[in-house]
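A short worksheet on the structure shown next.
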Amino acid sequence: MANDKTPAPKAARRPRAETPKGFRDYFGAEVTARKAMLDKIAEVYHRYGFDPLETSAVETVEALGKFLPDVDRPNEGVFGWQDEDADWLALRYDLTAPLARVAAQYRNDLPSPYRRYAMGPVWRNEKPGPGRFRQFYQCDADTVGSASVAADAEICAMLSDALEIVGIPRGDYVVKVNNRKVLNGVMEVAGVLDASDPDRFSRERGIVLRAIDKIDRLGEDGVMSLLTSGREDESGDFTAGAGLTSHQAATVMTFVSAPRSIARAIAEIEDSGPSHPMFEASLSPHFRNATTIGYLRSVVGLSQIGRDGLDELETIATLLNAQGYGPDRIVIDPGVVRGLGYYTGPVYEAELTFEILDEKGRKRSFGSVAGGGRYDDLVKRFTGQAVPATGVSIGVDRLLAALAAKGRGASDTAGPVVVTVMDRDRMADYMGMVGELRAAGIRAEVYLGNPKQFGNQLKYADKRQSPIAVIQGGNEAEKGVVILKDLILGAKIAQSATLEEWKDQPAQVEVPRGDLVAAVRKMLGQ
């Protein structure tokens, strides 16, 4: 009989245990900190009269529309696929597009204005980088159906309150407010906006918007290059410019440099002291906003849309001042652009002003953690009718990172009280103990690993960051007592101590079995 030379089948390759590129896993303390932050923000939103809304993580690509985050990529920045009905679906890339769909779909059932907040993950199919992931949490609040800029002022005030309630004190943040109408007025003066033909110069305006948004990173020279012939970066990559003439670019740059020009003017007044004719006026808390708006009026000139935008900013500042939100918290700032194309009026951005160290040990400001604005045309895509809307989105993961960078992260990272197991046959007794602790509202668990080596139980409790270990061997059971060990004080010996060594250490008490709950509460400071 001939030998069977058929090769043996190759063993299936084991899958790699790794997260996909651009994604990450979140563990206990991180998830707990995020939930605590979301709960606090929701408390503010609820106090302002907003209702929660949850939408599907999947939307039709048609519903997402043309306002996608990364139009330079073939898939336009979303994770999309075609289902069996040939419809194209995608994971939501923000929480605003789903709201527009909801507002249109349920317009006959929802109150108008409709005030909602939403919290959850979103997905961007973009190139990942340091601190930049393809999945992250957003926390939004929006008002749909109100054309009044009072709705914009309210969103800004609410954003300020939300930042403070999560632990960002006044002075460590500023909410900056601008108006896209003002920028449109500047572009009209510069000759790249034709009121009679909105689609004309749309490419140039898109480049101008993205260029202005990069002023902090590229500086004025870099932005000027993007406004005109283009810019080559250090790696040799070339970015095409808007093709503006030097005169057009100079007009835009007058707007871009406005924050620095205004800051210099105010500093000059303050340095001059009472001798300056505007010194008395400068003492008013409203002076900076008034100065900014006055400067911008000279930039937009006779542009009607620009002047309308400045009138709206004046109204917003007045409404905020009436509620006690001065420039120490919310300020008019023409440097805010917001890159997305669907904004039609006021835009705002929350920036953290304190410094942190980057990966190279250099000091830098943390930067933006939230942003939003008015988008009066987004719902119109579905209904054909104009539906005014405005809202804000908080980047929860960035805000958590900011708190951690300043040492203000959640301090309550303690794990559960661990009831150790000294005798397998007495598991019911241990379960009884943990049941009493849980019934009293104390987080607790029984050790469910192999109890043969007591040291492993202590190592487990240490890894769980448990504050207390409950110990009851046979001798303690006969005496009707339990031993409570404060693991925070005894953490240094948790890796190698025997049971006898453990009992000899300080920071442990022997209490009657019936006093278990009261004694644990006392050690926890409850």
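Applying the Karplus parametrisation 6.51 cos²θ - 1.76 cosθ + 1.60 with θ = phi - 60° to the phi angles of segment 394-403, what ³J(HN,Hα) value in whole Hz is obtained for each residue in order, glycine and proline being reported as x? The phi angles translate into 9, x, 4, 5, 5, 5, 5, 5, 5, 5 Hz.
Which order do the peptides 516-523, 174-181, 466-473 come out in when sorted by mean C-beta neighbours inside 10 angstrom, highest first?
Values: 516-523: 17.5, 174-181: 24.8, 466-473: 22.9.
So the order, starting with the most tightly packed, is 174-181, 466-473, 516-523.
With Rh defined as the Kirkwood radius, the inverse of the mean 1/r over Cα pairs, the Rg/Rh of segment 9-124 is 1.07. Each residue, R24 and T245, gets one label point 7 Å from its Cα in the Cβ direction; the gap between the two is 5.0 nm.
Per residue, the convex hull spanned by the alpha carbons of the chain comes to 288 Å³. Set Lys and Arg Cβ to +1 and Asp and Glu Cβ to -1, take the dipole of segment 153-244 about its Cα centre, and tell me which of V192, G241, G219 lies farthest positive. Selected residue: V192. By the compact-protein rule of thumb, 2.2 N^0.38 Å, the alpha-carbon radius of gyration of segment 238-342 corresponds to a ratio of 1.24. Put simply, the amide H of V419, placed in the peptide plane, has neighbours under 5 Å in E445, V446, Y447, V470, leaving out anything fewer than 5 places away on its chain. When D425, D333, D462 are compared by accessible surface with a 1.4 Å probe, the order from highest to lowest is D425, D462, D333. Summing charges over all other residues whose Cβ lies under 12 Å from the Cβ of S261, with Lys and Arg as +1 and Asp and Glu as -1, gives 0. Taking amide H as placed 1.01 Å from N in the peptide plane, D333 has its amide H under 5 Å from the amide H of V177, N178, each at least 5 places away in sequence or on another chain.
Estimated from helical segments only, the mean residue ellipticity of the chain at 222 nm is -12000 deg cm²/dmol, where each DSSP H run of four or more residues counts as -39500 (n - 2.57).
Pop the C-beta distance of D311 and K363 into the FRET formula with R0 = 35 Å and round what comes out to the nearest 0.05.
Values: r = 39 Å, r/R0 = 1.12.
With a Förster radius of 35 Å, E is 0.35.
Our coupling estimate for segment 428-438, obtained by passing each phi through the Karplus curve with A = 6.51, B = -1.76, C = 1.60 and θ = phi - 60°, is 4, 5, 5, 5, x, 4, 5, x, 5, 5, 5 Hz, Gly and Pro reported as x. Over segment 237-280, what number does the Rg to Rh ratio reach, with both radii from the alpha-carbon atoms and Rh per Kirkwood? A ratio of 1.30. For the chain, the longest principal axis of the Cα atoms and the long axis of helix 287-300 meet at an angle of about 50 degrees. The peptide list 387-400, 35-48, 126-139, 268-281, put in order of mean Cβ contacts within 10 Å with the highest first, becomes 387-400, 35-48, 126-139, 268-281.
Surface exposure of the chain, expressed per residue as accessible area with a 1.4 Å probe, stands at 52 Å². According to the Cα-based calculation, Rg over Rh for segment 129-274 is 1.02, with Rh computed by the Kirkwood formula.
A straight chain from A281 to R264 at 0.36 nm per residue would run longer than the Cα-Cα distance by 4.5 nm. Between the Cα long axis of helix 246-256 and the first principal axis of the chain there is an angle of about 50°, rounded to the nearest 10.
The stretch between E478 and S235 holds 79.9 nm of extra length on full extension. This uses 0.36 nm per residue minus the Cα-Cα distance.
Which entries of K406/K459; K35/K214; K21/K463; K40/K363; K35/K363; K485/K522 show an alpha-carbon separation above 21 angstrom in the structure shown? Cα-Cα > 21 Å for K406/K459; K35/K214; K21/K463; K40/K363; K35/K363; rest within.
Quantify how much of the Cα-Cα distance distribution of segment 191-267 extends past 15 Å, in percent. List each step's numbers first, then the result.
On the way: 1666 of 2926 pairs.
Tail of P(r) above 15 Å: 57 percent of Cα pairs.
Using a Förster distance of 30 Å, how high is the FRET efficiency between R424 and T32, based on the Cβ-Cβ distance and rounded to 0.05? The calculated FRET efficiency here is 0.40.
With the simple model of a label 7 Å out from the Cα in the direction of the Cβ, T383 to L524 spans 5.0 nm. Compared with the dominant Cα axis of the chain, that is its longest principal axis, helix 96-105 is turned about 80°.
Only sites in a loop by DSSP and with at most 11 other Cβ atoms within 10 Å count here; which trypsin sites (Lys or Arg not before Pro) in segment 430-477 make the cut?
Numbers: sites: R438, R443, K452, K459, K463, R464; in loops: R443, K452, R464.
Answer in residue order: K452.
Could you compute the net charge surrounding G371? Neighbours are other residues with a C-beta less than 12 Å from the C-beta of G371; K and R count +1, D and E count -1. Could you put the intermediate results ahead of the total?
Working: positive: K176, R338, R398; negative: D94, D140, D213, E349, E351.
Summing Lys and Arg as +1 and Asp and Glu as -1 gives -2.
A Förster distance of 51 Å, applied to the separation of the beta-carbon atoms of T60 and A440, puts the FRET efficiency at 0.55.
For a quick protection proxy, order the peptides 21-33, 372-384 by their average other-Cβ count within 10 Å, most packed first. Don't jump to the answer; show the numbers that get you there.
On the way: 21-33: 12.7, 372-384: 20.1.
Per-residue Cβ counts within 10 Å, averaged per peptide and sorted highest first, yield 372-384, 21-33.
The values are calculated or read from the model by the stated rules, or taken from the named source; none is laboratory data. Note that this is a predicted model, so its numbers are computed, not measured. As a convention, Cβ positions derive from the backbone with ideal geometry for all residues, glycine included, and neighbour counts pool all protein chains shown. The accessibility values were calculated without ligands, DNA or RNA, using every heavy atom of the protein model including side chains. Shrake-Rupley method; radii C 1.70, N 1.55, O 1.52, S 1.80 Å.
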